[in-house]
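Only the coordinates and a few stated rules stand behind these numbers; no lab work does. Nothing here was measured: the structure is a model prediction, and the numbers come from that model. Note: ideal-geometry Cβ built from the backbone for every residue, glycine included; neighbour counts use all protein chains shown.
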Amino acid sequence: MSIKNNEFISIMHGMATNPLGGMKLPESGDDKLGIVARAFNKMADSVRVLARGLEEKTAEQERSTREIKTLARHNNLILQANSEGIDGVGSGEKTTFIFRCRSGHDRLAGP
């Protein structure tokens, strides 16, 4: 096996372990290795584009999941508060809560 073949094998293994690493095969000549190198580099570029798109979609999904979890916690707190006799009256960004005290007197809390 020639040095050129070893170089190809090394780069192919590097691409397999780190597809976003930017490794490319040398595309010299019209021999079989040159033809394979061009085809491999096209495939590697396609894999990189797809992998980056997947990373972006995954990050977007993670942000959405965090937002949904936050909203679920807030909704759960509101439901728990309502079962304890606490009512919220909101207008736009502001919310006022009415606490039902055991003494029978209501207290207001809000902005």
Rough spin-label spacing in nm, given labels placed 7 Å along Cα→Cβ, for R48 and A16: 2.0 nm
Anisotropy class of segment 7-51 from Cα gyration tensor, a/c 1.5 cut: oblate
Pairwise Cα inverse-distance average, inverted: Kirkwood Rh of segment 3-84 (Å): 16.2 Å
Neighbourhood net charge (14 Å Cβ-Cβ; Lys/Arg +1, Asp/Glu -1) for I68: +1
